[in-house]
1. Starting from the Cα coordinates of the protein assembly as shown, work out the convex hull volume and express it per residue in Å³.
2. At a 1.4 Å probe radius, carbon and sulfur cover how many percent of the accessible area of chain A?
3. Compute the accessible area per residue over the protein assembly as shown, keeping the other protein chains in place, probe 1.4 Å, unit Å².
4. Scan segment A:1-82 for GluC sites (Glu not before Pro) in coil per DSSP, keeping those whose Cβ has at most 13 other Cβ atoms within 10 Å, and list them by number.
5. Taking every pair of alpha-carbon atoms in segment B:416-562, what share in percent sits in each 10 Å bin, from 0 to the bin with the longest distance?
6. Take each uninterrupted DSSP H stretch in chain A, measure its Cα extent along the helix axis, and return the ones at 15 Å or beyond whose mean Kyte-Doolittle hydropathy is at least 0.5.
7. Once you've got the Cα coordinates, tell me which of A:Lys133/B:Lys327; A:Lys15/A:Lys75; A:Lys17/A:Lys42 are over 21 Å apart.
8. So how far, in whole Å, is the C-alpha centre of segment B:37-93 from the one of segment B:526-562?
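The values are calculated or read from the model by the stated rules, or taken from the named source; none is laboratory data. Predicted model, so just to flag it, every value in this text is computed and none were measured. Here Cβ is always computed from backbone atoms with ideal geometry, including for glycine, and neighbour counts include all displayed protein chains. All accessible areas refer to the heavy atoms of the entire protein, side chains included, with ligands and DNA or RNA removed. Shrake-Rupley method; radii C 1.70, N 1.55, O 1.52, S 1.80 Å.
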Amino acid sequence: MIKVEGLCKSYNNGKVKAVQDLDLVVPPGEIFGFLGPNGAGKTTTINIMVGLLKPDRGQVLIKGVDVRERPLEAKRQIGFVPDNPELYEGLTGVEYVNFMADVFEVPAAARRERVAELLEVFNLRDALGDLIKSYSRGMKQKIALIGALIHDPEVLILDEPMSGLDPRSAYVFKELMRRRCEAGKVVFFSTHVLDVAERICDRVAIINRGRLVAEGTVEELRRQAGSSATLERVFLELTEGTVE
Amino acid sequence: MMSRRALWALLRTSLNSNFGLSAFRYRLRHDRRRSWWVFLIPFALIVMITPWLIMLAAMFDVLYVQLEPLGQGHLVLTWSFLLGQMVVLLFGLYYLMSAFYYSRDLRLLVPLPLTPAAILGAKFATVLANEYLTLAPIVLPGVVVYGIRAAVGPLYWPLALLAFFLLPVVPLALSGALVLVIMRFTNIRRHRDAFQVAFAVVLVALILTGQLYIGSVLEGDPEEVTRRLLDDGSLVNVGRYFPPSVWLTSMVAFRSPAEFFGGLAYSLLTAVGGIALLAWLGARFYYGGLVGGEEVSRRHRTFSSADLKSELAGRMVFWALVSREWKNFNRHPIFLMNGLFGIFITPFVVVLAVAFRASRAGGLDALVEALVPLPHAEAIVAVGLGAFITFSAGYNTVAATAVSREGRSFWISRTIPVPVSLQLLAKMIHALFFALVGALLPALLAWVFLPVGVLPVFLGLVLGTLGAAAGTALGLLLDMHRPRLNWTDAQQAIKGGMNGLLVGLGTLVLVGFMVFLAFLLAPALGFLGLVILEAVLVGGLASVLVYILLVRAEEAYLGIEL
């Protein structure tokens, strides 16, 4: 479903290498956690995957569609929420969701059904008619998630999705991600919360200084580091060297 | 007590952020290919403000000639300083309220170990720096006219420079003090949008009144003008009620050492006093007014299934994009007010000025009577109207900031499955709509008052629409290639990128071309021939610009890295 091949991206005329020769494959029906310390290249990779950044080399395929060659076709398959999403502050929540439904050409009946369902999930019915500028960070995160899910995308790409959510919403959202994967869709997300990754991800990848340093199920990574190691310990060993 | 080093760091960072200095340096170092426009800015500035400078200098020159025989030539300086200080006083309220209470960086600054007075001081200094840029074209003509006419000594120029630096301090400090008191003791902060709209309306009313007043003072024969100027209650005498301009004049154009030292002492003391007052009020009131300043009232209406059904109706993608532009623009007071200023106020002021002058010169009938017998009256009306609409559209920042206005929410435009060209077309329709609504007033007035028939007015409207389309496409092209997305204050999105200035320059060139062509070819081609030729040329230019815009759209958007 998602295929990343030989991805490279540098900044400052090649002096800062943000992503180096990254290869990833995420098959249908999988929740994939993308882990790494700050500045490891997670957001750069995600931004390239959704078409926000142009890679120096390499390609990203979403359901076999090259994001750079056929961007509109690829974008139709993707639902995306960035880290700390800034939305149109002059729109109300319902206007934003309706806008997203319009541009993804979601039929009226389907959009009503999905919005009603997602409003229950995120408990946002009271705020839907208010301007987004009145929303808290968590509410913005929720309305952005509703906007990303409105067209029922095949691939959901999220940058730190849990950071603004309250415990109830985070719990229901994890359930929602699980249900999507059972329906054969893909959820690809970056996170710093290793507990979340450990509990809900089918597979994880760890990136450090732009390079992939580990990839597999949490069990496989544990085995590499010693059977009793937690994902946190594995993460620290791989990203910072030996941990005492 | 915070250290001087911390204070200096805060001030430097505020100025850096306001003028985008680091971002500019970075672009120059790392992206020279896309920084070519920087070299156009001084040129654009000179071209755009030169007509204004000439007009103001001519006005002050007339004044000096009238006043000098009465020994009152220095009133040119007083008036010039007063005009600048009034502008600072009025606009300062608007800018300081925005900077003190609604800048996004306050979320970062307030939790830092900085005193309220330090944050306030940094914000004040930033607005002050901007005011110097605004003041220069207002004050410079009067200062230069007096300097040349009055055969001044060598001390005049450095003293005039000192006066220029002192000039905005007192009015801006007074505006700041007023803002602090208003925000501390009223509930305005929770209704900032309504306040900004109301304030802008008041500002427009004051500008129009000022325009009429200045017109009324300057009309008539020279003796009459002089009499009015020296009358009690005239604009010059307003200086008595706001004496800093009189003190600055005494300092610069002194006739005795006592006058010089008096003027200097009063000017310095009031400047220091103004800042001290602001610091004192800031220490007491600033944080009290700031707490809750970010809050926006909410309705908490629960959406029923019926509400969802009506609100979630499907639209065509294009109209969804136009609606996005419309709502994001109209619901942001700063965007809306800047747009309306450019579109409605400029034409309105010009039309009003023409009407007023016409009434002074024997009524509009006299003006019409003078126009109608001209050999190419129809061509003059059509091309004049077309050029005027093009000019107004060029000063409209709606298109030149269309991408910048998206700010940090620009990621949405980049990730939705909609061609960039379609998104830009929606922006163009939105901007063009504003330009054309602004064009209707002059067109209507021309149709009602000028007895040349409907055809020249209609063709002028067509020509103006084509010119406005060219200006709009140029604005979008520039903003697409160099948007300012990382703004912390909405004013930065409008003014920070300088795209509006470059578009203004472009349309000024186009207007010059249209008028030049009319002078050159009207006798040979006649009314219809000339208008058709101009429509073909201007329409051709608009088509080429729109074509470039649409062809380059995808690549340009891809080049914008957030």
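1. Expressed per residue, the convex hull around the Cα atoms of the protein assembly as shown is 193 Å³.
2. Taking all protein chains in place, chain A shows 45 percent carbon and sulfur surface.
3. Here the per-residue accessible area is 43 Å².
4. Loop-located and lightly packed - A:Glu69.
5. Bins of 10 Å from zero give 10, 34, 32, 16, 7, 1 percent of pairs.
6. Qualifying helices, which must be both long enough and hydrophobic enough, are A:93-103.
7. As for pairs spanning more than 21 Å Cα to Cα, those are A:Lys15/A:Lys75.
8. Between the Cα centres of segment B:37-93 and segment B:526-562 lies a distance of 36 Å.
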